[in-house]
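The values are calculated or read from the model by the stated rules, or taken from the named source; none is laboratory data. Since the model is a prediction, treat every value here as computed from it, not as a measurement. All Cβ positions, glycine included, derive from the backbone under ideal geometry; neighbour counts span all protein chains shown.
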Amino acid sequence: MVNKKSFMKTKMTVLLSLSLGLASSFTAQAESFLVDSQASYKNVLSSLQPGDEIVLKNGVYKDFEITFTGKGTEKQPIRLTAQTKGQVILSGQSNLKMAGEYLEVSGLVFKDGYSPSGEVISFRRNKDDLANHSRVTEVVIDKYNIPFKFESDYWVGMYGKYNRFDHNHLEGKSNKGVTMAVRLNTEASRENHHRIDHNYFGPRPILGSNGGETLRIGTSHYSLSDSFTIVENNYFDRCDGEVEIISNKSGKNQFKNNTFFESRGTLTLRHGNGNIVENNVFFGNGVDHTGGIRVINADQVIRNNYLEGLTGYRFGSGLTIMNGVPNSSINRYHQVDNALIENNTLVNVDNVHFAAGSDKERSATPVNSTIANNLISHSKLDNTITLFDDVSDNEFKGNVLSKDHKKVIKTGFSDKSFKLERANNGLLYPSDKALADKGVSKDLVVTQKQDVGTTWYPKADPVVAFNSGKVIAVNANSDDFYQALNQAHTGDTLLLADGVYDLQKITALDKVVSFKAKNQGKAQLDIYRSTSFEIRDNGGLQFDGVIISGKNAPDSTGNVFVRTSRLPMLVNYRFELLNSQVKDFDINHSFHFLDVAMHSFADHIKIENTEFDNITGDVLKLNKEVEDLGIYNAEYVYLTNNKFTNIKGAVVKLYRGGTDESTFGPHIYVEGNTIENVGLGKRNKEKTALLVHGAQVIDIQNNTMKNAAKVILNHTVGEAKTMVSDNTFINMDKVFITEINFPEKPTGIIENNHYKQM
Ligand code: CA
């Protein structure tokens, strides 16, 4: 029964045939139904004719699992839209499933919840009932995350054929699973000719695990099928989830005119043949691990792409041409054969790797490929091209290197002295007319942020910087301290007057706050509880210039000054301790400074110019991901110019287990510290002053360590970057690196260290 009162006919009849200009055409009356509840939506749905539309009344719909089915026509699609675009909010456990022909959805916003079904938007109702010739446009999915970080889902699952996904805004996916997947899992979804265009792929934070891709097309299983998907004019804004921004796993796709802005990772042609990557622009702006294009498989075309300021290396380089595996199984690496790589411009791209990944298994070098008319220039480095194997079965011609660049490949590269000028399209071109046919064409149009997504949903910055808000002056007493903290907004600074502050409460922190001593060393925080601060989602914590004392802490074991939430966390946090003193954490045993929970993730932890003395536990406990799944607790750990003395536990325990290579981190930088009488407590079960297991970048330089327990450095992935140099070790064991999984190719450098006994 259709409840007539549950919907209203708003717009009256429209004669669509008029616009077609066909005298004999069918004169269907398109109707528009305004609905305001799930029940009325259902009632209307079954009666829809081609050309009809359902309009959701403005408001918040909770737990609305929308199934949108019907058969429209090319000229008369069936539409689902919002009364006002952006003012229909799907929250709680909502989702959208489409099935049928010529359906179009627009104007909806998914936020404040997550999909119960594994996909927020699905171009199918079930595995047999798919959507074809259908479109999703101007839809927003904003942080619509499953609250358990490592429970996986997609936000968009594209099935069927001839579908379009355009002008949408997807931002802030922080649980596991690709943001958008084109599936080829049944015959009805292959050779699909989908178009994915003008979307805003907004910031995706570092996941700290595999499964953080922004777009994946296909899977290895069906990767020898052609997909014919076009991905064009999209903007990828800081899509940092993992090493693959886009993971292409099928054939005959085109990636054209997309912009990649400060995104860590690469567009990876992981599986499938005959794909085209053309007219794309990559701006790294020197951000760590920004990469470009990674080429694997046969018949790939990489043409007229502009890459600038990319720092990535190895498989994350600006341009990586991989070695393959002879007779590769479908999920390994097929040889690069017949690639065409021409007219690309690489400016200040730190690494171009040919025959990357060459080893006993990956021994099939790139062949029959043409690398022509590319322009490579770097203002600082004279050697950005690296060969890892033989590339002589390819043709290099007409490429230009800026002068003083080392000619690693002897033929097909000329070195010229040329100047670059920035053109109106924002790209650099050589001013020398003789080089007009080198690098990208003059008419390359760069897709801008304002050209994509919706016009009505803001593209906000997701990261709140420390000290970016107001400064709040705080008097030296506990009441004022907590009152100011309550009133602070995210980004604010509490400026602490000289004196002592009793930390009588456990503060659950869901905003970014800085505590700064008005006069360095004159504001003291005295700990009275088993924990003083608990960082929760959206929290961030910085101390600058304070004294933190444990002398009034409870006389119990396992006190912790700062911890992360014991509830599941989804949002990465930052912690900084600068110019401070931490002392007397010795009221009982195992008193730790920072202890994190499983599945918490710090974008960075920075300790600088700080003295730690008399600690019975560890300073940084970042070792809670014990399942060896390639997961870890912090992306960057910086310890710079600190003094650690009389610590029974370790300065840091950082752990990432497993051999997965989908992440760039963790990174740890330990520089200029003094570490004395550290790690020798009997409860320090690893017997270490510094434990770094599975980090991918380790830099330990210019430290002095004396009478401390050993340094443990374990490599678990191939080609970790480790440098241990210019340290002085007094009465200490020799430092070495243990290669746990790849003992045949040690990559660490240990040099110029001084060992003394006294
Ligand atoms: Ca991956």
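In the stretch 612-633, the residue that is nearest to the chain's Cα centre (by Cα) out of those that are among the polar types (S, T, N, Q) and assigned to a loop (DSSP other than H, G, I, E, B) is Asn633. Answer yes or no as to whether Ser209 is more than 23 Å from Ser134 (Cα to Cα) and away from the ligand (no atom under 15 Å from the Cβ). No, not satisfied. Among the conditions (1) assigned to a loop (DSSP other than H, G, I, E, B); (2) among the aliphatic types (A, V, I, L, M); (3) under 22 Å from Gly665 (Cβ atoms), Ile712 misses just one, which is (1).
Of the residues in the stretch 188-211, none is of a type in the set (Phe, Trp, Tyr) and either surrounded by fewer than 20 Cβ atoms within 10 Å (Cβ to Cβ) or over 17 Å from the mean Cα position of the chain (by Cα) (or both). Just one of the listed residues (Ala423, Ala434) is closer than 29 Å to Asn257 by Cβ, aliphatic (A, V, I, L, M) and more than 32 Å from the chain's Cα centre (by Cα), and it is Ala434. Counting residues that are at pLDDT 95 or above and over 30 Å from Val637 (Cα atoms), which strands (runs of 3 or more DSSP E) fully inside the stretch 121-227 reach at least 2? The strands (runs of 3 or more DSSP E) meeting that bar are 135-137, 140-142, 154-158, 164-166, 180-182, 195-197, 215-217.
Out of Gly657, Gly630, Gly649, one residue alone is within 16 Å of the ligand (Cβ to nearest atom) and in contact with a Gly (Cβ under 9 Å, 6 or more places away or on another chain). It is Gly630.
Within the stretch 392-429, the set of residues being modelled with pLDDT under 95, part of a loop (DSSP other than H, G, I, E, B) and among the charged types (D, E, K, R) comprises Lys403, Asp404, Lys406, Lys407, Lys410, Lys419. Reported count of residues in the stretch 345-391, each being part of a loop (DSSP other than H, G, I, E, B), in contact with a helix residue (DSSP H, G or I) (Cβ under 9 Å, 6 or more places away or on another chain) and not small (Gly, Ala, Ser), is 1.
Under the condition of being free of Cβ contacts under 8 Å to residues at least 40 places away in the same chain and either out of contact with any Ser or Thr (no Cβ under 9 Å at 6 or more places or on another chain) or among the small types (Gly, Ala, Ser) (or both), the residues counted in the stretch 585-599 number 3.
Among the residues in the stretch 586-603, are any among the polar types (S, T, N, Q), part of a strand (DSSP E or B) and surrounded by fewer than 20 Cβ atoms within 10 Å (Cβ to Cβ)? Looking through the stretch 586-603, none of the residues is among the polar types (S, T, N, Q), part of a strand (DSSP E or B) and surrounded by fewer than 20 Cβ atoms within 10 Å (Cβ to Cβ). The residues of the stretch 215-234 that are among the hydrophobic types (A, V, I, L, M, F, W, C) and either surrounded by 22 or more Cβ atoms within 10 Å (Cβ to Cβ) or within 20 Å of the chain's Cα centre (by Cα) (or both), listed by number, are Leu215, Ile217, Val231. As a summary of the residue check, Glu661 satisfies the conditions (1) of a type in the set (Asp, Glu); (2) closer than 14 Å to Asp618 by Cα; (3) touching a helix residue (DSSP H, G or I) at 6+ places or on another chain (Cβ under 9 Å) except for the one numbered (2). Would you mind stating whether Val156 is buried (at least 22 other Cβ atoms within 10 Å of the Cβ), away from the ligand (no atom under 16 Å from the Cβ) and under 20 Å from the mean Cα position of the chain (by Cα)? Criteria met by Val156. Within the stretch 33-86, the set of residues being buried (at least 18 other Cβ atoms within 10 Å of the Cβ), of a type in the set (Gly, Ala, Ser) and not in a loop (DSSP other than H, G, I, E, B) comprises Ser40, Gly70, Ala82. Looking only at the stretch 250-294, residues that are under 19 Å from Gly439 (Cα atoms) and among the hydroxyl-bearing types (Ser, Thr, Tyr) come to 1 in all. Among strands (runs of 3 or more DSSP E) entirely within the stretch 229-311, having at least 2 residues that are more than 16 Å from the ligand (Cβ to nearest atom) singles out 230-232, 235-237, 254-256, 259-261, 276-278, 281-283, 290-295, 301-303, 306-308.
In the stretch 506-521, of all residues being touching a strand residue (DSSP E or B) at 6+ places or on another chain (Cβ under 8 Å) and either surrounded by fewer than 16 Cβ atoms within 10 Å (Cβ to Cβ) or of a type in the set (Phe, Trp, Tyr) (or both), the one that is farthest from Val560 (Cα to Cα) corresponds to Lys518. Under the condition of being among the aliphatic types (A, V, I, L, M) and either on the phi > 0 side of the Ramachandran plot or within 16 Å of the ligand (Cβ to nearest atom) (or both), the residues counted in the stretch 212-228 number 2.
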